[in-house]
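Novice: Have a look at this one before I ask anything.
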Amino acid sequence: MAKPSFLLFILTFITSIVSAQTIWYSSPDEEDTRVSNYEIIGKLNGKFIIYKNSRNQGYFNIYNMEMKVESKKPIPYLPSEIISTSFIVYNDGFQMFYQYQKKNILHLVRLKFNTNAEPLEDATEIDTAIVESAVTESKAFKVLVSENKKQIMSFLLTKKDKVSYSYKSKLFNKEGTIQHSSNGSIKTNGKNDFFSELTVDNDGNLIALWETGTNNNDNISSVTLIKKNANADSINYSPVEFNNKYLDDVKLKVDNMNHHYLVTSFYSKQKRGNVDGLFFHLCDANTLKLISSTVASFTEDTRNDARGEHGLKDAFNDYYLKNIVFNQTGGFLIISESESVSNKNRDMYNRWDYMNNSLYTNSFAYSYDPFYSPYYNSRSQVSRYMADNIVLFSYDEKGGINWSNTIRKTQYDDLNNHTVSYAMVNTGEELHFLYNLHERNSLLLNKTTLSTEGKLLYNNSPMRGLGLGYDFLPRLSKQVGKKQLIIPCLYGNITCFAKIEF
């Protein structure tokens, strides 16, 4: 750990008393006050690579195992103004995809780098599209990557009229060879329809959800699972039946181990009603044939454990689905978190205001008539961002409950949502949850560990000897090894990074 000044003393690393863990910090750099965005790429050749963009200049910072900067490498060929970036990391290097607009042409470009963040070839244009106006990230190409990173797809959806969309896709292998290209159209029912949860499975198949909201944009009235096979141009449609229930916060997860697709959501028994439980639709990945459809109502004990300051009936009204983890037998772990926002007038923004979206994730739906989202509206008043308990559910393949547990926490931030919510590290044997808690006038990073049997270990245990003056941003962290996490933090108004080893 480097010293930012003579007067500041910070430990190079600290070891937690409650469990084995070590933390290293990067040195605060005045240059990083001007960093407009960054992305943690990963660990390569024993070094950690982080992409940064300052004043429209992109570069890589290379950190050693003690989080000291070894080199800063500008990125060649990068336009001054880019719309979005994404990265795919392999053992022998990584790929960078970026988009930019020149006049009325949208460009998607790929760059390949070795383990030292040195370019291996000239920039390669992957695809282009003619656009009518300035493009934002939500309307640009999507770069979809399979879990095994062997299948990469560029996908663009464009609205043609009130009910019709056109799409184009290109499927690549990790070497960059085109496997298949498609162009087609999708006809919807109207302005309340949107597409979400686009993903690619390990076989190169495109899967997504086609959802329809009600006229008042308060619940999901229909859900259809759509699939385009890797080498096909046509799309298969499979309606998801939920028998007069009202869904919200619908998620799609691919189980590549067992070749399943899981559609899950909180549900209510009436429009804008209290959340009553979880809905599951599990189907075969090859045929889309239904394996099980389950409605799991929350028990009184579960509600009481999760409710915080809510009553029993509305205990889950502020919860959103955050993570889904599959096991080898086809069962799965559902991780949900309570989120809410209030302003100085004490107005609370509930889940109906944030139609089908978590408050603190930048997930977006393909729609030119979007439902209300916190990112579509600016607020002049001061808002308080809150994230409270985490509730975990373990289910078997048929949607039967194995166990549930609750990590109790209370978090708030009056500036933005960066310090609230949590980071998760999956070591295979345990899940580690890291989150900030207020103690006197400081934010302390705490840890709770979940065993495979559902037991909570070291619950709400502060990580000892944390560096003075550092505020962690756990929601923006990235796991870079089996037991390693890179987590952004702020030292004053300077962005720096910490490495945590478990």
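Novice: For L282, are the conditions met, namely being in contact (Cβ under 8 Å) with a residue 40 or more places away in the chain, over 30 Å from A230 (Cα atoms) and assigned to a strand (DSSP E or B)?
Specialist: Here the answer is no, as L282 does not meet what is asked.
Novice: Condition (residue is among the aliphatic types (A, V, I, L, M), crowded, with 16+ Cβ neighbours inside 10 Å and part of a loop (DSSP other than H, G, I, E, B)) applied to region 413-423: is it met by at least one residue?
Specialist: The answer is yes; a qualifying residue exists.
Novice: Within region 181-215, work out how many residues are touching a residue at least 60 places away in the same chain (Cβ under 8 Å), assigned to a loop (DSSP other than H, G, I, E, B) and among the polar types (S, T, N, Q).
Specialist: Final tally of qualifying residues: 2.
Novice: Select, from I178, I207, I130, I126, the only residue that is among the aliphatic types (A, V, I, L, M) and closer than 30 Å to D249 by Cβ.
Specialist: It is I207.
Condition check ((1) at pLDDT 95 or above; (2) closer than 26 Å to I88 by Cα; (3) of a type outside the set (D, E, K, R)) across all residues:
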| site | (1), (2), (3) |
| --- | --- |
| D414 | no, no, no |
| S421 | yes, yes, yes |
| M463 | no, no, yes |
| L468 | no, no, yes |
| V480 | yes, yes, yes |
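Novice: So which residues in region 119-171 are assigned to a strand (DSSP E or B), more than 14 Å from V200 (Cα to Cα), more than 22 Å from the chain's Cα centre (by Cα) and of a type in the set (A, V, I, L, M, F, W, C)?
Specialist: Once the filter is applied, which keeps residues that are assigned to a strand (DSSP E or B), more than 14 Å from V200 (Cα to Cα), more than 22 Å from the chain's Cα centre (by Cα) and of a type in the set (A, V, I, L, M, F, W, C), region 119-171 yields I126, A129, I130.
Novice: Can you find a residue in region 471-480 that is of a type in the set (S, T, N, Q), in a strand (DSSP E or B) and at negative phi?
Specialist: The answer is yes, given that some residue of region 471-480 is of a type in the set (S, T, N, Q), in a strand (DSSP E or B) and at negative phi.
Novice: Would you call S36 under 24 Å from the mean Cα position of the chain (by Cα) and at pLDDT below 75?
Specialist: Yes; evaluated as a whole, the condition is true for this residue.
Novice: Would you please name the residue that is nearest to V480 (Cα to Cα), looking only at residues in region 42-58 that are crowded, with 17+ Cβ neighbours inside 10 Å and without any contact (Cβ under 8 Å) to a residue 60 or more places away in the chain?
Specialist: Across region 42-58, the extreme among qualifying residues is Y51.
Novice: Right, here's the next one. Of all residues in region 452-463, count the ones that are loosely packed, with under 14 Cβ neighbours inside 10 Å and of a type outside the set (S, T, N, Q).
Specialist: Looking only at that region, the number is 2.
Novice: Any idea which of (1) touching a residue at least 60 places away in the same chain (Cβ under 8 Å); (2) surrounded by 17 or more Cβ atoms within 10 Å (Cβ to Cβ) is the one L288 doesn't satisfy?
Specialist: (2)
Novice: Still on this structure, I have one more. Please specify each residue of region 163-208 satisfying the condition of being surrounded by fewer than 16 Cβ atoms within 10 Å (Cβ to Cβ), among the hydroxyl-bearing types (S, T, Y) and at pLDDT 95 or above.
Specialist: Those that are surrounded by fewer than 16 Cβ atoms within 10 Å (Cβ to Cβ), among the hydroxyl-bearing types (S, T, Y) and at pLDDT 95 or above: T177, S181.
Novice: Kindly indicate which of E429, E397, E439 is in contact (Cβ under 8 Å) with a residue 40 or more places away in the chain and among the charged types (D, E, K, R).
Specialist: E397
Novice: Okay, next question. Please indicate, with yes or no, whether at least one residue in region 238-247 is touching a residue at least 12 places away in the same chain (Cβ under 8 Å) and within 27 Å of K150 (Cβ to Cβ).
Specialist: Within region 238-247 (the criterion being touching a residue at least 12 places away in the same chain (Cβ under 8 Å) and within 27 Å of K150 (Cβ to Cβ)), the answer is yes, since at least one residue qualifies.
The values are calculated or read from the model by the stated rules, or taken from the named source; none is laboratory data. Remember, it's a predicted structure, so these values are computed and weren't measured experimentally. Cβ sites come from the backbone with ideal geometry, for glycine too, and all protein chains shown count toward neighbours.
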